Amino acid sequence: QLILDTLDAHSTISDTRSLVIPGQSEPAASQDAQIAILGALNSLLSRDMVKFETHEIVSHVLTPEGSQIAVEGSHEARVWSALPAKGQGAPVTPAQLMKQVGDETAKVGQGRAFKNKWIGKEGDGLVKLASTIKDSTQIDLLEIQSSGTLKSGEKDLADLRKRKLILQRKGQWFTVQKGTEFSTSTAKPETDLTVEMLTSGAWKTSTFKKYNFEAEGAPTEGGSLHQLLKVREEMRNIFLEMGFAEMPTASYIESGFWCFDALFVPQQHPARDLQDTFYISDPPHSLDPEPEYYKRVSTVHEHGGYGSTGYRAPWSHEETTKLLLRTHTTASSAHMLYKLAAKCRGEDVEDDRQDSAGGDEKAKHDDGFRPAKLFSIDRVFRNETMDATHLAEFHQVEGVVADRGLTLADLIGFMKVFFAKMGIKQVRFKPAYNPYTEPSLEIYAFHPILKKWVEMGNSGMFRPEMLEPMGFPKDVRVHGWGIGLERPTMIRYEITNIRTLVGHKTSIEGIENSPAPMF
Ligand code: PHE
């Protein structure tokens, strides 16, 4: 405030050592005062309220002994004050003097006091000769204390330095001018323009803090992949390195036709019940599937065909068009397999795969089939009672391999390789039942921590009742499997309750601290 008021009155400060702090008689010429002034100048400079230049000088400060003298007077002055005036009391003996002012002061002080003719001998003792004295050492030190130097010049300074009463120190002082944002108010600049400032009009007189475009900003915590996504990435990489292509699985909503009928799941199957499947109420029905394929599917269900007796149960069109949340990603696989068989059905589809050597001769026998290896990892929905290990939605890792003459051994072999790549070396298979696969196998893996066999998934060779209506040649075999993503993830991160993995109770810390899996 002193700087701003002085600038306001005189427009410049030519030497900050001349500033007089209110309430003090002497100017703030000392280096301590200049350091305080520099702090104020820097803060005002950052707000463009002042500009200033720095001047380097050599300055002096008092040593501890010098500071003591500045307060109590010089040794010689203390000796002088301890003595009686000549003829006005008993002279003080040197021994008495030492007791009164201390050995050091008595010794050093006597010599100087004699030299100055302040004291003299009387008998064995000492007395004052001068009635008043001028303690120039104290006066000089006080001057240095407040100004950092002596007006009398270098000779006296050198003398005091030699007496180790002062030390040389680099000092600074400043010349100050008004800055572009000069004002006599030191109110902190505003950092925000508020509604209140706009309505009251205070914005007109406020000073605003300037943007600091050089600021580095606070470091932000990086995002982190959820454990399921980490394991998904790991599994996706295993599929990709084994030559699989990823299927599109964006449509959570499917029709009863693609989720069940195309897979030869009977329309009366309990999995299609309301208790197991979430049906969509608005809109409740899908468009009709492609009519010829639809006919082949409904026929194999109702009357059989392709060597099958079918279910011989009445067919419901209503059931087939019901919209639902897919209960497995095998619905997506069915779409992809139907597409894969397009050329076999004689449809004119673009084939981006190159024929190998053999050209024309091969083309003559070409039934349009091309082998495929496909996978997907995405969400499915089941109307489950939720508990520690079950939710109404979870992720399936799904794969299908289509080729001529595949056998169950290929499926088992694939599973062994796939799980081994995840670090699970012990796998076992158990016969199972699926409406769309025959034979079907449940896959079990030995859990090294739980020390028991846990179910990992379900698999099988797709039935002719499913593949042949799609148009696949009779010698084409397709095997498929579905593995849950949650279970291997929970095992990997030793999570026992699924609610800490997904949902509103998810542990964010757990997500951040989970390392990427390296099975
Ligand atoms: N769809 C089956 C399931 O949800 C998994 C599976 C896929 C089984 C493909 C066989 C073939 O469990």
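The values are calculated or read from the model by the stated rules, or taken from the named source; none is laboratory data. This structure is a prediction, so every number in the text was calculated from the model and none was measured. FYI the Cβ positions are ideal-geometry reconstructions off the backbone, even for glycines, and counts take in every protein chain you see.
Only one of the listed residues (A271, A245, A250) is touching a strand residue (DSSP E or B) at 6+ places or on another chain (Cβ under 6 Å), under 30 Å from R296 (Cβ atoms), surrounded by fewer than 19 Cβ atoms within 10 Å (Cβ to Cβ) and in the same structural domain as E398 (by TED's automatic domain parsing). That residue is A245.
Summed over the range 105-139, the residues that are closer than 26 Å to L150 by Cα, without any contact (Cβ under 8 Å) to a residue 40 or more places away in the chain, aliphatic (A, V, I, L, M) and crowded, with 16+ Cβ neighbours inside 10 Å give a count of 2.
Assess whether P431 counts as being away from the ligand (no atom under 11 Å from the Cβ), over 22 Å from Q396 (Cβ atoms), in the same structural domain as L263 (by TED's automatic domain parsing) and not small (G, A, S). Steps first, answer last, please.
Working: away from the ligand (no atom under 11 Å from the Cβ): yes; over 22 Å from Q396 (Cβ atoms): no; in the same structural domain as L263 (by TED's automatic domain parsing): yes; not small (G, A, S): yes.
No.
Specify which of the listed residues (E319, E347) is among the acidic types (D, E), away from the ligand (no atom under 15 Å from the Cβ) and touching an Asp or Glu at 6+ places or on another chain (Cβ under 9 Å). Spell out the reasoning first.
Numbers: E347 fails: touching an Asp or Glu at 6+ places or on another chain (Cβ under 9 Å).
Among E319, E347, only E319 is among the acidic types (D, E), away from the ligand (no atom under 15 Å from the Cβ) and touching an Asp or Glu at 6+ places or on another chain (Cβ under 9 Å).
Count, please, the residues in the range 3-44 that happen to be acidic (D, E), modelled with pLDDT of 90 or more and assigned to a loop (DSSP other than H, G, I, E, B).
Filtering the range 3-44 for residues acidic (D, E) gives 5, 8, 15, 26, 32.
Pick out the ones that are also modelled with pLDDT of 90 or more and you get 5, 8, 15.
Next cut, assigned to a loop (DSSP other than H, G, I, E, B) only: 15.
Of the residues in that region, 1 qualify.
Residues that are hydroxyl-bearing (S, T, Y), surrounded by fewer than 14 Cβ atoms within 10 Å (Cβ to Cβ) and either touching a strand residue (DSSP E or B) at 6+ places or on another chain (Cβ under 9 Å) or not assigned by TED's automatic domain parsing to the domain that holds L240 (or both) within the range 362-409 comprise just one, T407. Residues in the range 376-401 that are within 12 Å of the ligand (Cβ to nearest atom) and among the aliphatic types (A, V, I, L, M): V380, V397, V400, V401.
Is it true that E104 is at pLDDT 90 or above and acidic (D, E)? No; evaluated as a whole, the condition is false for this residue.
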